[in-house]
2 protein chains.
Amino acid sequence: MNEITKPAGKQASAAVNEQRLWQRHVDMAKFGATPKGGVNRQALSAEDIKARALFAEWVAKRGFELFVDEIGNLFVRRPGTDPNAAPVLSGSHMDSQPTGGRFDGIYGVLAAFEALEAIDDAGIKTKRPLEAAAWTNEEGARFAPGCMGSLVYTKPDRLQQMLQVKDAQGTVLKDALAATTAALPKAKKRAFATPVDCFIEAHIEQGPILEAEKKTIGVVTGIQGSRRFKIEVIGQDDHAGTTPRARRKDALSAAVHIVAGLEKLFHWDKEDVTRFTVGRFVVEPNAPSVVPGYVWFTIDFRDPRLEILDKLGDQVEGICQANARKCEVKVTQTNRTPPIGFKGLVADAVLAATQRLGYPHMHIFSGAGHDAQHLFNICPTGMIFVPCERGISHNEIENAAPADLAAGARVLADVMVDLANR
Amino acid sequence: MNEITKPAGKQASAAVNEQRLWQRHVDMAKFGATPKGGVNRQALSAEDIKARALFAEWVAKRGFELFVDEIGNLFVRRPGTDPNAAPVLSGSHMDSQPTGGRFDGIYGVLAAFEALEAIDDAGIKTKRPLEAAAWTNEEGARFAPGCMGSLVYTKPDRLQQMLQVKDAQGTVLKDALAATTAALPKAKKRAFATPVDCFIEAHIEQGPILEAEKKTIGVVTGIQGSRRFKIEVIGQDDHAGTTPRARRKDALSAAVHIVAGLEKLFHWDKEDVTRFTVGRFVVEPNAPSVVPGYVWFTIDFRDPRLEILDKLGDQVEGICQANARKCEVKVTQTNRTPPIGFKGLVADAVLAATQRLGYPHMHIFSGAGHDAQHLFNICPTGMIFVPCERGISHNEIENAAPADLAAGARVLADVMVDLANR
């Protein structure tokens, strides 16, 4: 047994409270609750502010300190015995998609907080401090791009750019952020440069594999890469009743053929590994009797293989132009993230703790992007997945089992102790 | 010469004031003015209310009476010598598309008002009263369906249904209408059943034919028919990064293939007479990293041939279902208007007055729908077209020449006198 596979005298995992963890999910799901049982708790919204306030209340009750940085990331700290040591950090995000579920993101925040409480309840001292984090705006649904909080934490020079981002209603992020942090007057300020010893993120899988394989814990081996594009199709508004086909510059018609052309490119692999999604599609003026003069839409393209990201992504512009018909097309790549692999310290600790606890487990690659991909750039990083029902996520019917959520928190609690005392 | 082709002692047309008519277009274009020089003056909006208030001010200054009915249609009355006669009515609408122009609709209202003023200035008495009308919500951009005011005027039993219509923000038409009519406290109430002797509508052509043929006046022979549909595509929200193609129910992907399939059906005629437009296309949740679970879009299909309206329109449902892939599709026909022909009294009067005035003219069929198609159901009806620049309409760059607008108003003024004194 190597150093980090040794069981601690007391097991933090034994103090994890499944009922407490579940009830906190129930309480958080009230903020932005939707009629279909999901949540709409977009970043820096009134609902996000309320969720943060309740979280801060729990933190204060427990006697932990709360910190906030300039992009609104929250940190809950349990001190270690070495005052100079950097913390072992765990967390995820509290924001959701507009039609999101009750577990995506918030689970990783509540599991980290549960781990800190369990470790505290068990009276375990650690050399390094332990921290639970809630990263701002992982989803990117209201303010783009996503994973904004973890991006800025790891690349502070991006802060000024992000503060100027606007949502669809024209609200500037800076203003929404000011309202959000103003609601947490007791949180202490934290600088971005504060070092992190290592980072571990717990998350529901958001895919069907663990459930299908009857595994409780996924030891995450990496995150697939992604490229995102904004496609603008510029035509001309015309009267739907009088304008002959030959005279139209119909942006919707062009956009439809562009999307169909892109599907031919991206639906190439029988293995069904490449992910291609047009998730946002906006038409102007969007009036029934006006030929649309302008359409813009997003492409979300992901693949674990760098060479496929390059090869297919580089063909987007050409396909858009080839299907533009009489319209003008503008293609902008808004994001490019290469695939990353989790190896070594954190992944080894997750595997070891999982094996000690005896949970059915497997190695698994992440299809979704996570804050961990940015933390990966500044410290040893890993992730723990737990199953979600039928793999459905980014959907109001997203679901997960209390026992699985608790299992993930138990692995996390032991891993945090192991890493903090190594 | 038959009765209505005799010149009156004084010609009303001679009193039409081109500069006054043009200035009124300039003044009206300030309400909802867009940066590109068009107007966004949607029905019952704050801008529509302001436009109505200015119109009421002009009416009051002139000493004419103003009436309003329960759907907000406005009527300006110049009495006739026969107190029992029904009025000769002319008008159009004041609302615009979201990215509309300065002439569509408002021209017909201002030309009718100019005709009343010119007739008054010329001191011409008429047997029948003369009225200028402004029909509520012809465009149907904010509240569907369009031609609502003229529809309800001619079919009062549709009022209650229309009062319940909501716009995209959830505003109920009844409330928007109450705010609109409250701003015109001096307007007298008018019942829907008030009889009309005959109706004539002046309008820009909204097509390229008069300009290409170098004609000043179009004597309108009819309006093409239309069928409108709402198509709903129901899939499932899913995570864009984790959900394999095989498990997706992507409503946007299905909708794109449905539209492409519909284009194959409707783009059939080399003559380029059939009009097919998908003008509104709405995606939910419309987030970049969520596979869209719901899309709805509109079909605006028009043709002057009843048999083509039947034949092609009846295939819409089948094509939608055939391209639905794994989604559910719901097809609703929201409107069906057969083609109509203008013959007899009003069209003859327009032709005769145009010939007397010596304007280059032609017979022309209307590609656009107009309030006249509803008035056609209750009284002899006709239309006068004037050219618009490059045939562009439902566009902020819509344009028309002051001299052409005045020419149409001159024909209209003489026609109204001829019809009112026949």
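The values are calculated or read from the model by the stated rules, or taken from the named source; none is laboratory data. Just so we're clear, the structure is a prediction, and the values are computed from it rather than from any experiment. Using ideal geometry, Cβ is built from the backbone for each residue, glycine included, and neighbour counts are taken over all protein chains shown.
Okay, residues lined up against (1) out of contact with any strand residue (DSSP E or B) (no Cβ under 8 Å at 6 or more places or on another chain); (2) away from chain B (no Cβ under 14 Å); (3) within 25 Å of A:Asn377 (Cβ to Cβ):
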site: A:Phe143; (1), (2), (3): no, no, yes
site: A:Pro156; (1), (2), (3): yes, yes, yes
site: A:Leu163; (1), (2), (3): no, yes, yes
site: A:Ala168; (1), (2), (3): yes, no, no
site: A:Ala179; (1), (2), (3): yes, yes, no
site: A:Lys189; (1), (2), (3): no, yes, yes
Might you check whether a residue that is part of a strand (DSSP E or B), more than 24 Å from the chain's Cα centre (by Cα) and over 24 Å from B:Gly241 (Cβ atoms) occurs anywhere in segment A:263-284?
yes
Which count do you get for residues in segment B:337-351 that are loosely packed, with under 14 Cβ neighbours inside 10 Å and closer than 30 Å to B:Gln161 by Cβ?
2
Of the residues in segment B:276-288, those that are crowded, with 24+ Cβ neighbours inside 10 Å and either among the small types (Gly, Ala, Ser) or more than 7 Å from every other protein chain (Cβ to nearest Cβ) (or both) come to B:Gly279, B:Ala287
Can you work out which of the residues in segment B:300-358 that are among the hydrophobic types (A, V, I, L, M, F, W, C) and part of a strand (DSSP E or B) is nearest to A:Thr243 (Cα to Cα)?
B:Phe301
Say whether the condition of being closer than 27 Å to A:Pro339 by Cβ and touching a residue at least 12 places away in the same chain (Cβ under 8 Å) is met by at least one residue in segment A:291-298.
yes
Hand me the list of helices (runs of 4 or more DSSP H) wholly inside segment A:117-185 holding 1 or more residues that are under 17 Å from the mean Cα position of the chain (by Cα), crowded, with 24+ Cβ neighbours inside 10 Å and touching a residue at least 60 places away in the same chain (Cβ under 8 Å).
A:148-154
Per the list (1) surrounded by fewer than 23 Cβ atoms within 10 Å (Cβ to Cβ); (2) out of contact with any helix residue (DSSP H, G or I) (no Cβ under 7 Å at 6 or more places or on another chain); (3) farther than 24 Å from B:Glu398 by Cβ, residue check on B:Arg62 breaks on (2)
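To keep it simple, each residue is scored yes or no on (1) facing chain B (nearest Cβ under 8 Å); (2) at pLDDT 95 or above.
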residue: A:Pro195; (1), (2): no, no
residue: A:Cys198; (1), (2): no, yes
residue: A:Ile204; (1), (2): no, yes
residue: A:Ala212; (1), (2): no, no
residue: A:Val233; (1), (2): no, yes
residue: A:Pro244; (1), (2): yes, no
residue: A:Ile258; (1), (2): no, yes
residue: A:Lys264; (1), (2): no, yes
residue: A:His267; (1), (2): yes, yes
State the number of residues belonging to segment A:209-240 that are in contact with a Cys (Cβ under 8 Å, 6 or more places away or on another chain), buried (at least 21 other Cβ atoms within 10 Å of the Cβ) and part of a strand (DSSP E or B).
2
Scanning segment B:289-311 residue by residue, those surrounded by fewer than 21 Cβ atoms within 10 Å (Cβ to Cβ) and in contact with a Ser or Thr (Cβ under 8 Å, 6 or more places away or on another chain) turn out to be B:Ile308
Of the residues that make up segment B:296-304, is at least one of a type outside the set (S, T, N, Q), within 12 Å of another protein chain (Cβ to nearest Cβ) and within 30 Å of A:Glu138 (Cα to Cα)?
yes
Kindly establish whether B:Ala322 is among the aliphatic types (A, V, I, L, M) and surrounded by 17 or more Cβ atoms within 10 Å (Cβ to Cβ).
no
Just wondering, is there one or more residues in segment B:371-384 that are assigned by TED's automatic domain parsing to the domain that holds B:Gly38, surrounded by fewer than 19 Cβ atoms within 10 Å (Cβ to Cβ), small (Gly, Ala, Ser) and more than 17 Å from B:Glu211 (Cα to Cα)?
no
